Amino acid sequence: MKIGITCYPVAGGSGVIATELGLELAKRGHQVHFIAYSLPFRLQKFQENLFFHEVEVSHYPLFKYPPYTLNVAAKMAEVAQKWDLDILHVHYAIPHATCAFLAKSILGKNSPKIVTTLHGTDITLVGSEKSFYQITKFSIEASDGVTTVSQYLREVTKKEFGLANNIQCIYNFVDTNRFDPKKPVCEKEKFAAKGEKILLHMSNFRPLKRIDDVIKVFALVRKEIPCKLLLIGDGPKLSDALLLVNQLKLESDTIFLGQQEWVENLLCLADLFLLPSDTESFGLSALEALSSGVPVIGTNLGGLPEVVEDGKSGYLLSLGDVDGMAKKALELLENPDKLKQFKQNARERAVRLFDSQLVIPKYEQFYQKVLNSPD
Ligand code: GMT
């Protein structure tokens, strides 16, 4: 198949999934065309069957705001026509599903089929930005096929937008060969002394990630056992996090690593992964942790219970239950046999349910189904 993929090419779950999907599809012999405003951040080296088409955003003096949506739509139409695309797969409804609708309208009969994957914040954002409701509903309905990254998100989308049943859940996936506790060179001693445990959090440091809770859980655990906190990522809550670490006098045991590219070399160092978010439609970072053999302590909300099995590959607690999370973290860290069992369970769960080789064929089948469906 000839497949166009549009995503936000920056660090973030939806960009990661779109990029890894494109890479895998290209390996499987499909012709893949990325259409985005910059080279997706995990797309570094040349690969056969892979093309990149940059969306240049217009900066005409009259435009106070660059018309990103129109620039993407125009590029989609151009690429779809020139390379005769079968499928245009857009990640994140706003505005990419709308751009795809525009491109399809421009191309008429010869348009590719549109597949939209909803990632979560594109749907929940509508809750805070009511004016987007109609255009989001319209763009989702105008797609030829819609997928969500969890059952939870599927139900929310159906309920919020009053949509019928034709949304398919295809779970996010991970390359379990890459995120493998046995493979990377894990130099734990670079960060922690012998016998010290490592707790890790990785995100885009947005308010919903509740970095304060991560730090407070760590502070409670550190009172009981020697440990270090590794923080990967950057974002609006980074300054608050630095301040809290300073107030709680945790500087000597907290390491801010900023944005990192090869996270598989860091995740495998951890004993526990912390993800106490307000909500996660899926929680891709939690899956990457599981695959690296790292149990997850998080919230029992959104799609996270579909990823982490409470009491087996981690513990999921109520939102804001910092004490409870610290207690569960200590229960594992102070009990080597239990921790070992949870690490094994974490790895097994990722391999059994979310390996990319299991999930990518589901996208291929979905594309085929959409291609076979009448206009
Ligand atoms: O919230 C983020 O970290 C970014 C956002 C995105 O679109 O990149 O993540 C969403 O999509 C990811 C990939 O499907 C999911 O794993 C995240 O759970 C989801 N974030 C939220 O639902 C808050």
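Full extension of the chain segment joining Leu250 with His53 gains 66.4 nm, where the gain is 0.36 nm per residue of separation less the Cα-Cα distance. The length gained on full extension between Glu331 and Glu364, counted as 0.36 nm times the residue separation minus their Cα-Cα distance, comes to 7.6 nm. Computed from label points 7 Å out along Cα-Cβ, the spacing between Leu208 and Asn177 is 3.3 nm.
Per residue, the convex hull around the alpha carbon atoms of the stretch 47-144 comes to 122 Å³. Under 1.5 on a/c is rounded, so check that first for the stretch 188-353, then, if it is not, pick prolate when a/b is larger than b/c and oblate when it is not; a ≥ b ≥ c are the square roots of the alpha carbon gyration tensor eigenvalues. The shape class here is rounded. Taken as Cα centroids, the stretch 1-52 and the stretch 353-370 sit 16 Å apart, rounded to the nearest whole angstrom. Working from the Cα coordinates of the chain, the gyration tensor eigenvalues give, after taking √(5λ), semi-axes of 38, 21, 20 Å in decreasing order. For the chain, a Gaussian network of Cα nodes joined below 10 Å ranks Ala26, Ala193, Ala93 by mean-square fluctuation, and the top entry is Ala193.
When the square roots of the Cα gyration tensor eigenvalues are ordered a ≥ b ≥ c, the ratio a/c for the stretch 176-263 is 1.5 or more and a/b does not exceed b/c, which makes its shape oblate. Highest mean first, the peptides 273-283, 357-367, 82-92 sorted by other C-beta atoms within 10 Å per residue fall in the order 273-283, 82-92, 357-367. Computed FRET efficiency, Cβ-Cβ of Asp84 and Lys64, R0 41 Å: what is it to the nearest 0.05? With R0 = 41 Å, the Cβ-Cβ based efficiency is 0.65. Remark: Cys7, Cys169 ranked as Cys169, Cys7, counting other beta-carbon atoms within 10 Å and listing the fewest first.
Peptides 247-254, 285-292 ranked from most to least packed, by the mean per-residue count of other Cβ atoms within 10 Å: 285-292, 247-254.
Counting only Cβ charges, +1 for Lys and Arg and -1 for Asp and Glu, the dipole size of the stretch 188-353 around its Cα centre is about 320 debye. Within the chain, helices built from complete DSSP H runs that reach 20 Å or longer along their own axis (Cα positions) and carry a mean Kyte-Doolittle hydropathy of -0.5 or higher are 13-27, 68-83, 211-224, 356-372. Relative to the Cα centre, the charge distribution of the chain, modelled as +1 at Lys and Arg Cβ and -1 at Asp and Glu Cβ, gives a dipole magnitude of about 200 debye. Ranking Asn265, Leu287, Met202 by Cα position along the charge dipole of the stretch 188-353, where only Lys, Arg, Asp and Glu carry charges on their C-beta atoms, puts Asn265 farthest toward the positive end.
Report summary: the helix-based calculation at 222 nm, which adds -39500 (n - 2.57) for every DSSP H run with n ≥ 4 and divides by the residues of the chain, gives -13000 deg cm²/dmol.
Each residue in Tyr171, Tyr60 was given a count of other beta-carbon atoms within 10 angstrom of its own, and listing them fewest first yields Tyr60, Tyr171. Using Cβ point charges alone (K and R +1, D and E -1), the dipole size of the stretch 127-228 about the Cα centre works out to roughly 480 debye. Each peptide in 226-233, 13-20, 257-264 was scored by the mean count of other Cβ atoms within 10 Å over its residues; highest first, the order is 13-20, 226-233, 257-264. Sorting Lys190, Lys183 by the number of Cβ atoms found within 10 Å of their own Cβ, with the fewest placed first, yields Lys190, Lys183. Taking 28 Å as the limit for the C-alpha separation, the pairs Lys182/Lys338; Lys159/Lys338; Lys188/Lys340; Lys223/Lys343; Lys194/Lys340 exceed it in the case of Lys159/Lys338.
No lab work stands behind these numbers, since they all come straight from the coordinates. Quick caveat: nothing in here was measured; it's all calculated off a predicted structure. When we count neighbours, we look across all protein chains shown, and the Cβ atoms used for this are built from the backbone with ideal geometry, even at glycine.
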